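Below is one structure, written out as structure tokens; comments come after it.
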Amino acid sequence: MKKGFTVLELVFVIIILGTLAAFALPKFGTSKDEAELSKSLNNLKTLINDINLYTLKNDSLSSLREMSNVSGVKDEDLSHFNGVREVDFKVGDDDECIKLIFINKTDFTIMGIASNLASKNAIENIANKAQNTNLENVDFTSTSKNKVCIALSKNENFKALSSKIYVLLGVLQ
């Protein structure tokens, strides 16, 4: 009698391993997406805090690299600008998933978080002191094709961050 496995036994083992892999692999992909979403949300919170602390301490803006070392944000020099400046914030593979909207007026500088055109327009309307404008009823769902970016834009913690205007300098009345 030979020692070893028959072809039938090997086929059954391969079928069992294939079935287990079919259940396990989607879970690994979901875990990776959830980790990316969590990382991006934490980076965004840290970036907001860093910018607020920098402007509070220095009473001015600077380049984003000088104000924060958070990854995923495009470095822009915000020290001398007028009007509106958009800064890209990377989520997953999408380099332009979220835009930080900086608006500099004569008496204030604000920052808002936009994930689509409607949220960007709402931020600009607030800066222009348009009547009955707020961010609480804005749909922040991203128009990106990246599923992590879309999931982030639907996240309640993201909505809480995005539904605020951050007054960096001066007073928004």
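The values are calculated or read from the model by the stated rules, or taken from the named source; none is laboratory data. Because the structure is a prediction, the values reported are computed rather than measured. Cβ placement follows ideal geometry from the backbone for every residue including glycine, while neighbour counts extend to all protein chains displayed. Just the protein is used for accessible areas: all its heavy atoms, side chains included, with ligands, DNA and RNA removed. Shrake-Rupley method; radii C 1.70, N 1.55, O 1.52, S 1.80 Å.
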Next on the checklist: I'd like the carbon and sulfur percentage of the solvent accessible area for the chain, probe radius 1.4 Å, heavy atoms only, ligands and nucleic acids excluded.
Outcome noted: 54
Checklist entry - Among the aspartates and glutamates, which have Cα under 16 Å from the Cα of Lys99 when same-chain residues fewer than 8 positions away are ignored? => result Asp75, Glu76, Asp77, Glu86, Asp88, Glu124, Asp139
Next on the checklist: Under 5 Å between amide hydrogens, which residues at least 5 positions from Leu78 or on another chain qualify, with H placed 1.01 Å from N in the peptide plane?
Outcome noted: Ser62, Ser63, Leu64
Checklist entry - About the Cα centre of the chain, what is the dipole size in debye to 20, counting +1 per Lys and Arg Cβ and -1 per Asp and Glu Cβ, all else neutral? => result 560
Item to check | 5 angstrom amide H check on Val73, placed H, neighbours 5+ away | outcome: Lys90
Next on the checklist: Through the Karplus equation 6.51 cos²θ - 1.76 cosθ + 1.60, θ set to phi - 60°, convert the phi angles of the stretch 90-107 into ³J(HN,Hα) values in whole Hz; use x for Gly and Pro.
Outcome noted: 7, 10, x, 8, 9, 5, 10, 4, 10, 10, 8, 9, 9, 10, 10, 10, 5, 10
Checklist entry - Under a 1.4 Å probe, what is the accessible area of the stretch 57-130 per residue, stated in Å²? => result 47
Next on the checklist: Per-residue counts of other Cβ atoms within 10 Å, averaged by peptide: what ranking do you get for 13-21, 150-158, highest first?
Outcome noted: 150-158, 13-21
Next on the checklist: Can you work out the Karplus-derived ³J(HN,Hα) for every residue in the stretch 74-88? Use 6.51 cos²θ - 1.76 cosθ + 1.60 with θ = phi - 60°, whole Hz, and x for glycine or proline.
Outcome noted: 6, 6, 10, 8, 9, 5, 9, 9, 10, x, 10, 10, 9, 10, 6
Item to check | the chain, helix-only ellipticity at 222 nm - DSSP H runs n ≥ 4, -39,500 (n - 2.57), divided by all residues, nearest 500 | outcome: -16000 deg cm²/dmol
Next on the checklist: Past 32 Å, Cα to Cα: identify those pairs from Lys120/Lys147; Lys129/Lys154; Lys57/Lys147; Lys74/Lys164, in the order given.
Outcome noted: Lys57/Lys147
Checklist outcome for this item: If each K or R counts +1 and each D or E counts -1, the residues other than Lys105 whose Cβ falls under 12 Å of its Cβ total -1
